[in-house]
Amino acid sequence: MSGHRPQTCPDAAAQRVAAGFAAAADGYDATGTEFFRAMGEHLVAQAGIGPGAVVLDIGCGKGAVTLPAARAAGPGGQVTGIDLAVPMLDHARRAAEQAGLPMITFGPGDAADPPFPGGSFDVVLAGNLVQFLTCPMTEVPRWGSLLTVGGTLAFSWNLAEDPHWVPVLAAFDTAMPPGMTGFAAMLRRRPFASVEQVQGLLATSAYQAITTRVHTLALTYSSPQQWWAAAQSQGPWAACWRHIPPGRLDAAQRDAFALLDDLRGPDGSIPRTMLFACTSGRKDTP
Ligand SMILES: C[S@@+](CC[C@H](N)C(=O)[O-])C[C@H]1O[C@@H](n2cnc3c(N)ncnc32)[C@H](O)[C@@H]1O
């Protein structure tokens, strides 16, 4: 479902990204190098969710943010997760059921126009979503209207890639079809090149106490193949690399694997250290 998108922000691009995540949903966060859960915990901690809070998680995926948010809100809370990819929602519902968190409701919804009346939520969250939006500069500021006065917006985003991995990602990005954005360029679009610019998304919407906390994420892959399986279940593939024509994809994979072989440590494993950020602010005026 997608509602009233800003005119300059076409629906087709968002649907294309969501279709990629829908196709990746089974493997998403299930390849042995999961990090979304750890990031979800950081985001929920920063948002300061209290007992009984009414919370919205936009782009909820399999619930990496929604589930810890529900634990923080407790039995008196109400937590809603929305996503454009229906298979993600199916996984998230099962996870909430298994975790015994009946205060969560999941449903379809577009980040460009979340289907709720203004002032509905004490906390609005978005875990690793903002860099996949078609128009983050217009979509994120719109979320302020969903908050009560005194409510908190908090979202996480990828701040910096491991410098050793930049050529690995470039092997695929340079194989993208003409006119399509590669993954690195997508992650560093305006405003994501700096913390200051990202915080500017909140400065336009009457937020106070704007804060960004940076988290180091150290991953270890057992082999290039393990990384490739993970990448194919996550953003790089869902948003970008699945559009690379098969012949060029094979060549890019060969180049990337050769680069990754050079990054192997003495035990054969491949380290990767990335920086993630959580940015939050409190809405102080209606
Ligand atoms: C990288 S995943 C993050 C999922 C989850 N928040 C987490 O931290 O694991 C991005 C999610 O955003 C969803 N998504 C992408 N564009 C969206 C949009 N315009 N509206 C709602 N969801 C969207 C995707 O389907 C995907 O589930």
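The values are calculated or read from the model by the stated rules, or taken from the named source; none is laboratory data. On a predicted model such as this, the values are computed, not experimentally measured, just so you know. Quick reminder, even Gly has a Cβ in these numbers, built from the backbone with ideal geometry, and neighbours come from all protein chains shown.
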Inset, instruction - Restricting attention to the range 131-158, report how many residues are within 16 Å of the chain's Cα centre (by Cα), crowded, with 23+ Cβ neighbours inside 10 Å, under 13 Å from Thr279 (Cα atoms) and not aromatic (Phe, Trp, Tyr). - result: 4
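Return the residue satisfying two criteria in turn: it lies in the range 73-88 and is out of contact with any Pro (no Cβ under 8 Å at 6 or more places or on another chain) and more than 8 Å from the ligand (Cβ to nearest atom), and of such residues it is farthest from Leu146 (Cα to Cα).
Pro87
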Legend entry - Lone unmet requirement of (1) touching a residue at least 24 places away in the same chain (Cβ under 8 Å); (2) charged (D, E, K, R); (3) out of contact with any strand residue (DSSP E or B) (no Cβ under 8 Å at 6 or more places or on another chain) for Asp162: (3)
Inset, instruction - May I ask you to list the residues in the range 221-234 that are more than 17 Å from the chain's Cα centre (by Cα) and either within 20 Å of Val44 (Cβ to Cβ) or surrounded by 15 or more Cβ atoms within 10 Å (Cβ to Cβ) (or both)? - result: Tyr221, Ser223, Pro224, Gln226, Trp227, Trp228, Ala229
Inset, instruction - Could you check how many residues of the range 163-209 are of a type in the set (Val, Ile, Thr) and modelled with pLDDT under 95? - result: 2
Inset, instruction - Would you check if there is a residue in the range 196-204 being exposed (fewer than 14 other Cβ atoms within 10 Å of the Cβ), in contact with a Lys or Arg (Cβ under 8 Å, 6 or more places away or on another chain) and in a strand (DSSP E or B)? - result: no
Inset, instruction - Count, please, the residues in the range 235-284 that happen to be farther than 26 Å from Pro177 by Cα, not in a helix (DSSP H, G or I) and not charged (D, E, K, R). - result: 15
Legend entry - Hits in the range 159-195 (condition: surrounded by fewer than 19 Cβ atoms within 10 Å (Cβ to Cβ), aliphatic (A, V, I, L, M) and not in a helix (DSSP H, G or I)): Ala160, Met180, Ala193
Inset, instruction - Go through the residues of the range 12-28 one by one and say whether even a single one is within 8 Å of the ligand (Cβ to nearest atom), on the phi < 0 side of the Ramachandran plot, in contact with a Gly (Cβ under 6 Å, 6 or more places away or on another chain) and not polar (S, T, N, Q). - result: no
Legend entry - Residue under evaluation Lys62, criteria (1) out of contact with any helix residue (DSSP H, G or I) (no Cβ under 7 Å at 6 or more places or on another chain); (2) surrounded by 22 or more Cβ atoms within 10 Å (Cβ to Cβ), criterion not met: (1)
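Is it the case that Ala112 is within 11 Å of the ligand (Cβ to nearest atom), under 30 Å from His4 (Cβ atoms), of a type in the set (A, V, I, L, M, F, W, C) and touching a Ser or Thr at 6+ places or on another chain (Cβ under 8 Å)?
On the way: within 11 Å of the ligand (Cβ to nearest atom): yes; under 30 Å from His4 (Cβ atoms): yes; of a type in the set (A, V, I, L, M, F, W, C): yes; touching a Ser or Thr at 6+ places or on another chain (Cβ under 8 Å): yes.
When the stated conditions are applied, Ala112 passes them.
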Inset, instruction - Look through Gly59, Gly48, Gly100, Gly52 and report the one residue that is of a type outside the set (A, V, I, L, M) and within 14 Å of the ligand (Cβ to nearest atom). - result: Gly59
Inset, instruction - Spot the failing condition for Phe155; the list is (1) assigned to a helix (DSSP H, G or I); (2) within 13 Å of the ligand (Cβ to nearest atom); (3) not acidic (Asp, Glu), and only one is missed. - result: (1)
Legend entry - Matching residues, the range 79-95, being surrounded by fewer than 22 Cβ atoms within 10 Å (Cβ to Cβ) and within 23 Å of Ala45 (Cβ to Cβ): Ala95
